[in-house]
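*Asks:* Following this message is one structure expressed as structure tokens.
The values are calculated or read from the model by the stated rules, or taken from the named source; none is laboratory data. Treat the numbers as computed from the prediction; the structure is a model and nothing was measured. Cβ coordinates were reconstructed from backbone atoms using ideal geometry, including for glycine residues, and neighbour counts include every protein chain displayed.
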Amino acid sequence: MNKLNDKIGHFPRQLEDESIYIMREVAAQFERPALLFSGGKDSITLVRLAQKAFYPGKIPFPLVHIDTGHNFPETIEFRDWLAKETGAELIVRYVQDSIDQGKAKEESGKYASRNVLQTVTLLDTIEEFKFDACIGGARRDEEKARAKERIFSVRDDFGQWDAKRQRPELFDMLNGRIAVGENVRVFPISNWTELDVWNYIKEENMEIPSIYFSHKRQVIERDGMLWADSEHLNKEADEIPFEATVRFRTVGDMTCTAAVASEATEIDVIIEEILSAEISERGARIDDKRSEAAMEKRKQQGYF
Amino acid sequence: MDILRIATAGSVDDGKSTLIGRLLYETNSITKDKIEALESASKRKGLDFLDLSLLTDGLIAEREQGITIDVAHIYFSTPSRKYIIADTPGHVEYTRNMVTGASNAKVSLILVDARQGMVEQTARHLSIAAMLRIPKVIICVNKMDLVQYQESTFEEIKASLTELVKQTTFEGQEISFLPISSLYGQNITTKAEQMPWFTGNTLLGELEAFEYAETLAHAPARFPVQFVVRPMTEAYHDFRGYAGKISSGTFQVGDAIRVLPTGQESTIATIEKFESKLSHAKAGDSVVITLSTDIDISRGNTIVLASEANAPQLKDFSAQVCWLDHQALTPGKTYLLQHGINITKAKISQITERLDVVAQTATEGVDSLKLNEIGRIALRTAQPISADVYANNPSNGAFILIDEFSNSTVGVGFVQ
């Protein structure tokens, strides 16, 4: 059996070549493409690939961020820095505006999040700028439905994906022809795994938001997991914030991204933690058994 | 570290799910939470072993719900290689899915149940692997545990396939036979204790040892121009670079080149990959090439070596096609032909014959090719395409046909 640690630091460069090829196809086949930027490691990887694909030219499409208003401040800070650094155009649209316009309704209760509401704002943004292709950072190893989605995924007027009507993708030939009103979601890192992304970030010495690394933060415990305390989190009376040493494995909204207890301040240690992870990246966050394991691990590390 | 793409096809009953699960498990590619979930699911089913087929079980559930799963991608890695399995379930639209899934594969895994021996799917799979010029085929005789790991059973199956293999294979294709038990992990990543009579490599051993990159790098040099990089900034005011992914062969700085179809010639000044300048680049590399002279090149043009006197320019040619659409191919119709990144109109003048890949026979005088059917066609393109004969250079010899009205990809062709 292979030892886990043997896989650290081995990034297959061919993946980068293939993704750059996809980036260039997007720029060539579409009139108004955009790169959907969330501030997470996958979309940061996309920006890096776009930068390489068109160098020494600038990235020929804007970075679009749908700001839920519930982002980590560190993510927003990083987003603005990256746009400046790469010279890419940055477009930000706000979920709050969709709510104010009555197009989206804020969820209630302790699990309230704006995750679902983002779609409304995204579709409006696509409409506003007439984007015909939106580049996203989804990977096929994330979940089973993704495992069969195409690299060029055609969406109808409502942004819907029809699994039954997918175009076959043969060899590396990408067919991005669409009718008026349709648009395409493009996933250049479809074939990357979470480990590939981390190894790439390491090899490329890429900057990532600080919340990926271990830091002290006020958290609450809910369902056996740690959640960042913030004004956006609807807390119950017995959910009392305390300080913990944590990092985030994925970067989403503060209301739906749980932290893991970790002392990892270097990328190698983060990759090691991922390799020996108790939970897979998209692991269901309300699984009882998993929560038990997470709880047990924190207890071992002396939090309680 | 490189990538090896593998194609598997077949029904769930032949032990394919268990084999894939076993590969993931023994290469440590499954996170702990998934293994724990497997353990409890196996226990719930009353099994005293880890049912690795459940790893791809989600796919079965989806099928029960009637969702078409054409190709699923599964990933695992070893310290030296990343593996991508394109898995095509064996049900309706079999050929279409198999061809689509296997189009990128360098290795084809064919499973044979040790109790049953060869079935129709074995023949279809072998033929398609040959049509796609997949350089390596591994025929895994699975479920050896159910035939008491007998060498005679393995040898009988091997012998019964010899004739078929001879009919379908092409020169240079490696074909090997492996006795395995996915369920008990025999010959997957470790030698089979139960089959001391088998002296060959394990499945993973075969995969790790297989090399193909050299062949690609030695094929004729083809560089399709994807995108013209013109920064027009102060620092790069006169910069004009041609971005693309080399589809075959090798290019070096200083090489004299010709642009197809215009025929203009120049010399390679630089080969660049982001901030680094390279001395050469080979098949698969995404690079930017600059030339010593200013000539007019646009997307869809192909750069070849000037030393190659007869680089292909095809307008009237024949091709093998596999039809992928519910609406049949009818002669006389115009489609869009996409070869690599280059698109031109194409008219199908004739369907020469329809092929039965299982029986290895051809029928002439057919007037349509339906979904999943394979045939030979004659066609004519509006603009010449720089495609090679597929058998000589697979990475530059395939094309897709697109319906102009639905925009769907309706067929795949292989230049003959």
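*Asks:* Restricting to the range B:36-48, what's the tally of residues that are farther than 16 Å from B:LEU24 by Cα and either touching a residue at least 60 places away in the same chain (Cβ under 8 Å) or of a type outside the set (Gly, Ala, Ser) (or both)?
*Replies:* Matching residues across the range B:36-48 total 5.
*Asks:* Still on this structure, please answer the following. Considering only the range A:252-266, state which residues are modelled with pLDDT under 85 and closer than 19 Å to A:TRP198 by Cβ.
*Replies:* Within the range A:252-266, A:GLY252, A:THR257 qualify.
*Asks:* To continue, here is another question. Pairs needed: first member in the range B:324-344, under 18 Å from B:ARG354 (Cα atoms); second member anywhere, of a type in the set (Ser, Thr, Tyr); C-beta distance under 6 Å; at least 6 residues apart or different chains.
*Replies:* As it stands, the answer is B:ALA328/B:SER368; B:THR330/B:SER368, since those pairs meet every condition given.
*Asks:* Inspect the range B:264-284 for any residue being away from every other protein chain (no Cβ under 13 Å), assigned to a loop (DSSP other than H, G, I, E, B) and touching a residue at least 12 places away in the same chain (Cβ under 8 Å) and give the result as yes or no.
*Replies:* Start the filter on the range B:264-284 by keeping residues that are away from every other protein chain (no Cβ under 13 Å), which leaves B:264-269, B:271, B:279-280.
Going one step further and asking which of them are assigned to a loop (DSSP other than H, G, I, E, B), we end up with B:264, B:279.
This time we only want the ones that are touching a residue at least 12 places away in the same chain (Cβ under 8 Å), so: B:264, B:279.
Within the range B:264-284 (the criterion being away from every other protein chain (no Cβ under 13 Å), assigned to a loop (DSSP other than H, G, I, E, B) and touching a residue at least 12 places away in the same chain (Cβ under 8 Å)), the answer is yes, since at least one residue qualifies.
*Asks:* If I go through the range B:302-328 residue by residue, how many of them are of a type in the set (Asp, Glu) and either in a strand (DSSP E or B) or closer than 27 Å to B:GLY244 by Cα (or both)? Write out each step before concluding.
*Replies:* Quick first cut of the range B:302-328, residues of a type in the set (Asp, Glu) only: B:308, B:316, B:325.
Adding the requirement that they be either in a strand (DSSP E or B) or closer than 27 Å to B:GLY244 by Cα (or both) leaves B:308, B:316.
Qualifying residue count, the range B:302-328: 2.
*Asks:* Scan the range B:182-195 and give yes if some residue there is on the phi < 0 side of the Ramachandran plot, touching a strand residue (DSSP E or B) at 6+ places or on another chain (Cβ under 6 Å) and at pLDDT 95 or above, otherwise no.
*Replies:* yes
*Asks:* Given the condition among the aromatic types (Phe, Trp, Tyr) and at pLDDT 95 or above, answer yes or no: does some residue in the range A:95-112 qualify?
*Replies:* Quick first cut of the range A:95-112, residues among the aromatic types (Phe, Trp, Tyr) only: A:111.
Then drop every residue that is not at pLDDT 95 or above, which leaves none.
Checking the range A:95-112: not a single residue is among the aromatic types (Phe, Trp, Tyr) and at pLDDT 95 or above.
*Asks:* Among the residues of the range A:227-251, how many are in contact with a strand residue (DSSP E or B) (Cβ under 8 Å, 6 or more places away or on another chain) and closer than 20 Å to A:GLU194 by Cβ?
*Replies:* Residues flagged as in contact with a strand residue (DSSP E or B) (Cβ under 8 Å, 6 or more places away or on another chain) and closer than 20 Å to A:GLU194 by Cβ within the range A:227-251 amount to 4.
*Asks:* Taking the range B:285-300, which residues are within 10 Å of chain A (Cβ to nearest Cβ) and either surrounded by fewer than 15 Cβ atoms within 10 Å (Cβ to Cβ) or part of a strand (DSSP E or B) (or both)?
*Replies:* If the condition is that a residue be within 10 Å of chain A (Cβ to nearest Cβ) and either surrounded by fewer than 15 Cβ atoms within 10 Å (Cβ to Cβ) or part of a strand (DSSP E or B) (or both), then B:SER286, B:VAL287, B:VAL288 are the ones that fit.
*Asks:* Is the range A:161-172 home to any residue that is touching a residue at least 12 places away in the same chain (Cβ under 8 Å), over 30 Å from B:SER29 (Cβ atoms), polar (S, T, N, Q) and within 14 Å of chain B (Cβ to nearest Cβ)?
*Replies:* no
*Asks:* Looking only at residues in the range B:29-45 that are polar (S, T, N, Q) and surrounded by fewer than 19 Cβ atoms within 10 Å (Cβ to Cβ), which one is farthest from the other protein chains (Cβ to nearest Cβ)?
*Replies:* Per the criteria, the residue is B:SER42.
*Asks:* Another question about this same structure. What tally of residues in the range A:100-119 results from selecting those that are hydrophobic (A, V, I, L, M, F, W, C) and surrounded by fewer than 19 Cβ atoms within 10 Å (Cβ to Cβ)?
*Replies:* Summing the residues that are hydrophobic (A, V, I, L, M, F, W, C) and surrounded by fewer than 19 Cβ atoms within 10 Å (Cβ to Cβ) in the range A:100-119 gives 2.
*Asks:* Quickly run through the range A:153-194 and pick out the residues that are closer than 30 Å to A:ILE8 by Cα and modelled with pLDDT under 95. Give the steps one after another, and end with the answer.
*Replies:* So the first thing to find is which residues in the range A:153-194 are closer than 30 Å to A:ILE8 by Cα, and the list is A:171-172, A:186-194.
Within the range A:153-194, A:THR193, A:GLU194 meet the criteria.
*Asks:* Does B:VAL389 qualify as being at pLDDT 95 or above and either within 30 Å of B:PRO224 (Cα to Cα) or away from chain A (no Cβ under 11 Å) (or both)?
*Replies:* When the stated conditions are applied, B:VAL389 passes them.
*Asks:* Right, here's the next one. Condition test on A:PHE11, is it modelled with pLDDT of 95 or more, aromatic (Phe, Trp, Tyr) and outside the structural domain of A:ARG217 (by TED's automatic domain parsing)?
*Replies:* no
*Asks:* Follow-up question, since we're still on this one. Restricting the range B:198-255 to residues that are β-branched (Val, Ile, Thr) and within 22 Å of A:ILE20 (Cβ to Cβ), which is farthest from the chain's Cα centre (by Cα)?
*Replies:* B:THR233
*Asks:* Which one of these does A:LEU82 not meet: (1) over 19 Å from A:ASP157 (Cα atoms); (2) at pLDDT 95 or above; (3) buried (at least 19 other Cβ atoms within 10 Å of the Cβ); (4) in contact with a Pro (Cβ under 9 Å, 6 or more places away or on another chain)?
*Replies:* A:LEU82 satisfies all of (1) over 19 Å from A:ASP157 (Cα atoms); (2) at pLDDT 95 or above; (3) buried (at least 19 other Cβ atoms within 10 Å of the Cβ); (4) in contact with a Pro (Cβ under 9 Å, 6 or more places away or on another chain) except (4).
*Asks:* Could you look through the range B:1-20, keep only residues that are within 30 Å of B:GLY284 (Cβ to Cβ) and in a helix (DSSP H, G or I), and pick out the one that is nearest to the other protein chains (Cβ to nearest Cβ)?
*Replies:* The selected residue is B:ILE20.
*Asks:* Here are A:VAL180, A:VAL154: which of them is out of contact with any His (no Cβ under 9 Å at 6 or more places or on another chain), more than 20 Å from A:ALA27 (Cβ to Cβ), without any contact (Cβ under 8 Å) to a residue 40 or more places away in the chain and β-branched (Val, Ile, Thr)? Full working, then the answer.
*Replies:* On the way: A:VAL154 fails: more than 20 Å from A:ALA27 (Cβ to Cβ).
Result: A:VAL180 is the single residue among A:VAL180, A:VAL154 that is out of contact with any His (no Cβ under 9 Å at 6 or more places or on another chain), more than 20 Å from A:ALA27 (Cβ to Cβ), without any contact (Cβ under 8 Å) to a residue 40 or more places away in the chain and β-branched (Val, Ile, Thr).
*Asks:* So, in the range B:230-256, of the ones that are surrounded by fewer than 22 Cβ atoms within 10 Å (Cβ to Cβ) and outside any loop (DSSP other than H, G, I, E, B), which residue ends up nearest to the other protein chains (Cβ to nearest Cβ)?
*Replies:* B:THR250
*Asks:* Right, here's the next one. Does the range A:1-52 hold any residues that are outside any helix (DSSP H, G or I), over 20 Å from the mean Cα position of the chain (by Cα) and within 23 Å of A:PHE152 (Cβ to Cβ), and which are they?
*Replies:* Across the range A:1-52, the qualifying residues are A:PRO12, A:PHE30, A:GLU31, A:ARG32.
*Asks:* Do we find a residue being in a strand (DSSP E or B), under 21 Å from A:SER38 (Cβ atoms) and modelled with pLDDT under 90 anywhere in the range A:214-225?
*Replies:* yes
*Asks:* Within the range B:75-177, which strands (runs of 3 or more DSSP E) (wholly inside it) include 3 or more residues that are touching a residue at least 40 places away in the same chain (Cβ under 8 Å) and away from chain A (no Cβ under 14 Å)? Walk me through it before giving the result.
*Replies:* On the way: elements: B:81-89, B:107-113, B:136-142.
In the range B:75-177, B:107-113, B:136-142 are the strands (runs of 3 or more DSSP E) which contain 3 or more residues that are touching a residue at least 40 places away in the same chain (Cβ under 8 Å) and away from chain A (no Cβ under 14 Å).
*Asks:* Ok, one more. Considering only residues that are closer than 17 Å to A:GLY136 by Cα and among the β-branched types (Val, Ile, Thr), look in the range A:187-207 and name the one that is nearest to the other protein chains (Cβ to nearest Cβ).
*Replies:* Looking at residues that are closer than 17 Å to A:GLY136 by Cα and among the β-branched types (Val, Ile, Thr), I get A:THR193.
*Asks:* Then there's this: For residues that are part of a loop (DSSP other than H, G, I, E, B) and in contact (Cβ under 8 Å) with a residue 60 or more places away in the chain, scanning just the range B:407-416, find the one that is farthest from B:TRP323 (Cα to Cα).
*Replies:* Step one: list which residues in the range B:407-416 are part of a loop (DSSP other than H, G, I, E, B), which gives B:407-408, B:416.
Subsequent filtering for residues that are in contact (Cβ under 8 Å) with a residue 60 or more places away in the chain retains B:408, B:416.
Working: B:SER408: 12, B:GLN416: 16 Å.
The extreme case among them is B:GLN416.
*Asks:* Does A:ILE59 fit the bill of being of a type outside the set (Gly, Ala, Ser), buried (at least 22 other Cβ atoms within 10 Å of the Cβ), in contact (Cβ under 8 Å) with a residue 24 or more places away in the chain and at the interface with chain B (Cβ under 8 Å from one of its Cβ atoms)?
*Replies:* Here the answer is no, as A:ILE59 does not meet what is asked.
*Asks:* Next question, about the same structure. Say whether the condition of being free of Cβ contacts under 8 Å to residues at least 40 places away in the same chain, at the interface with another protein chain (Cβ under 7 Å from one of its Cβ atoms) and not acidic (Asp, Glu) is met by at least one residue in the range A:25-44.
*Replies:* Keep residues of the range A:25-44 that are free of Cβ contacts under 8 Å to residues at least 40 places away in the same chain, which gives A:27-28.
Now drop any that are not at the interface with another protein chain (Cβ under 7 Å from one of its Cβ atoms), which leaves A:27-28.
Next, from what is left, pick out any that are not acidic (Asp, Glu): A:27-28.
Scanning the range A:25-44, I find at least one residue that is free of Cβ contacts under 8 Å to residues at least 40 places away in the same chain, at the interface with another protein chain (Cβ under 7 Å from one of its Cβ atoms) and not acidic (Asp, Glu), so the answer is yes.
*Asks:* Among the residues of the range B:364-381, are any within 12 Å of another protein chain (Cβ to nearest Cβ), under 27 Å from B:PHE170 (Cβ atoms) and in contact with a His (Cβ under 8 Å, 6 or more places away or on another chain)?
*Replies:* yes
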